[in-house]
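Take a look at the structure below.
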Amino acid sequence: MATNEYEGGLKMIEELTTNAEQIQDEVLREILSRNAGTEYLRGFLHGQTDKQLFKKNVPIVTYEDLKPYIDRIVNGETSDILLAEPITGFFLSSGTSGGQPKLMPVTAQVAKKWELFRGLYESPVIKYLVDINQAGKRMELMFARPEVETPSGLMATSVTTSIFKGSGFRASLPKLYTSPSETIFCPDPNQSLYCQLLFGLIQREEVVMIGSFFASTVLRAIKFLENHWQELRYDIKTGRLSHQITGSRCRNAASLVMKPNPEQADLIENICNCKSWDGIIRKLWPKARYIAGICTGVMRQYTAELEFYSGGLPLVSSLYVSSEAFCGINIEPLCKPSDVSYTFLPNMAYFEFLPVKNERDESIEMKSNDEDTELVDLVNVKPGRCYELVVTNSTGLYRYKVGDVLMVSGFHNNAPQFQFVERKSVVLSVDMEKTSETDLFKAVTEAKALLNPLGFILTEYTSYADTSSVPGHYVLFWELKEKEGEHCKELDPKIMVECCFKIEESLHYTYKIYRKRNIIAALEIKVVKQGSFEALMDYCVSKGTSLSQYKKPSCIKSEEALNILDSRVTGKYFSPKSPL
């Protein structure tokens with residue numbers, strides 16, 4: 001992106017956020033004027049396009065409400081059931097946040113909207129960090145998902161795979177990225193990762209950014225590198241790709257660029273063959289300016305370990321998107337991961353917000369007095385309040401509950417800025433209590449500090465509500481790692497029991513009073529061996545989840561996933577007493 005282009009992007013951000021209300025009205029007007037005659041909207045609007053009629057008559061819906069309409073299109077009926085514009089395919093949601101994959105209609109306009117959105121979210125990065133399109137290459141770890149043909153003949157794929165298949169993206173690969181397309185579209189995720197790391201190491205002096213869509217993927221890549229750096233070093237030294245890489249397209253791509261480089265191999269060996277991998281990313285890629293990847297929501301738990309490996313490189317979480325809409329950008333990319341706010345762009349979709357009541361008061365008898373259940377427009381949200389995002393877009397979703405809970409952190413001009421709070425549907429519950437993703441994250445953060453004196457760090461965790469016995473109880477799976485990579489330390493059972501109690505002590509009042517009354521039994525931590533969460537991810541990928549879109553679930557609901565973790569448990573610990 002040339003200087004005048006990124007400055008143009010910054011100028012557009014200012015114009016969009018200044019005129020947010022007017023642009024939102026225009027977006028809704030355009031959506032309704034184009035689609036008022038569709039079967040779905042006709043039943044509510046009777047061909048009219050009035051905003052107030054839309055708000056009065058069109059219901060707030062979930063995917064299950066729209067699924068019968070989408071299924072008809074999937075099975076070959078015309079797209080004007082939901083939208084006037086022809087459908088070119090479907091987006092598959094990741095299916096790992098809260099349930100099964102969902103199919104979202106896609107039109108030709110989506111690719112154009114993405115290109116505009118990308119230019120806008122990259123502009124602040126270029127302003128504050130580096131022009132990644134001019135200074136060097138991105139070692140961006142990307143994994144395409146196989147397309148699935150629907151009965152209609154239209155293809156379904158992930159959002160990221162759709163981007164990778166775009167002609168503009170493919171044209172930019174050789175100049176801007178270290179990974180050739182053959183590695184991105186490799187069907188074996190481990191072979192793909194190996195090759196992408198190899199190409200990134202070969203071009204290590206050119207790399208100015210390391211990243212992936214999610215921060216967890218970057219962390220997984222570094223852990224993969226810890227286990228395979230000697231093989232990669234040998235490949236670079238000899239100029240020959242490991243025989244374990246069997247994909248012909250990957251081998252062909254490697255043959256075009258690989259040549260023996262023993263000097264580079266020795267440098268990599270000197271860096272990797274050390275006791276601690278503290279700062280390894282900056283050492284291996286000395287010209288890197290930042291690490292890119294979404295690190296909000298469930299990704300928050302990965303930031304501490306990434307910071308350990310990063311060597312002080314900033315972690316940049318640039319965008320907030322979903323399968324339903326491109327929503328917001330981070331206009332302050334150098335802020336701490338915990339402070340990231342996303343400025344919503346009013347031209348991307350029509351946004352409404354459902355106020356979310358606080359269900360975790362300091363007494364189970366107390367209830368919020370706020371009875372406001374009306375949807376709030378984008379420009380009318382209030383700082384400090386939490387809302388569930390509701391989207392109306394140009395591809396057939398009208399007043400659709402995305403399921404994300406956001407908190408208003410401020411405004412940029414007239415457009416609100418939001419911090420991601422949690423997925424609304426992700427809760428632990430044994431009885432009438434509800435423990436959210438955020439509740440759990442805060443409690444685990446308090447407890448894991450007890451591990452520091454032992455030299456252990458918590459690398460992964462998830463949870464489930466075990467109701468197989470009465471009373472039921474919360475179970476947390478923890479994967480731990482020794483800080484300096486040594487494998488001789490032992491866990492202190494007393495400290496692990498303290499961790500259990502600390503979590504209970506940090507949870508909300510309702511949980512604690514239920515625990516005191518023995519409605520909920522003692523919380524349990526199950527420590528699993530290293531690699532357990534990688535095995536969980538491999539299982540999800542084998543079931544069709546794109547590695548680029550994989551989000552480790554905060555709460556396990558699949559029996560198969562539960563069995564994967566249970567089979568790798570090395571220790572069990574229980575809270576010794578009630579927190580009240």
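The values are calculated or read from the model by the stated rules, or taken from the named source; none is laboratory data. These figures come from a predicted structure and were not determined experimentally. Neighbour counts are summed over all protein chains in view; Cβ atoms, including those assigned to glycine, are modelled from backbone coordinates with ideal geometry.
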Looking at 356, 379, can you tell me which residue is at pLDDT 95 or above and either farther than 23 Å from residue 104 by Cα or not assigned by TED's automatic domain parsing to the domain that holds residue 516 (or both)?
379
Of all residues in the range 293-321 being part of a loop (DSSP other than H, G, I, E, B) and over 14 Å from the mean Cα position of the chain (by Cα), the one that is surrounded by the fewest Cβ atoms within 10 Å (Cβ to Cβ)
312
Residue hits (the range 322-340; surrounded by fewer than 20 Cβ atoms within 10 Å (Cβ to Cβ) and of a type in the set (A, V, I, L, M, F, W, C)) are 334, 335
Selected residue (criterion: modelled with the lowest pLDDT) from residues of the range 265-324 that are over 30 Å from residue 240 (Cβ atoms) and acidic (Asp, Glu)
305
Search the range 174-203 for residues that are in the same structural domain as residue 268 (by TED's automatic domain parsing) and of a type in the set (Gly, Ala, Ser) and pair each with any residue that is at pLDDT 95 or above and assigned to a loop (DSSP other than H, G, I, E, B) when their beta-carbon atoms are under 6 Å apart and the residues are at least 6 apart or on different chains.
200/178
Only one of 446, 460, 422 is farther than 19 Å from residue 328 by Cα, in contact with a helix residue (DSSP H, G or I) (Cβ under 6 Å, 6 or more places away or on another chain) and crowded, with 21+ Cβ neighbours inside 10 Å; which?
460
Working only within the range 378-417, note down all residues that are farther than 15 Å from residue 27 by Cα, in contact (Cβ under 8 Å) with a residue 60 or more places away in the chain and not in a strand (DSSP E or B).
413, 414
Reported set for the range 164-180 where residues are under 22 Å from the mean Cα position of the chain (by Cα) and crowded, with 16+ Cβ neighbours inside 10 Å is 164, 165, 169, 177, 179
Residue selected from the range 444-502 under the condition of a type in the set (Lys, Arg) and not in a loop (DSSP other than H, G, I, E, B), by the criterion nearest to residue 220 (Cα to Cα):
481
Test: residue 226 is touching a residue at least 12 places away in the same chain (Cβ under 8 Å), outside any loop (DSSP other than H, G, I, E, B) and not assigned by TED's automatic domain parsing to the domain that holds residue 539:
yes
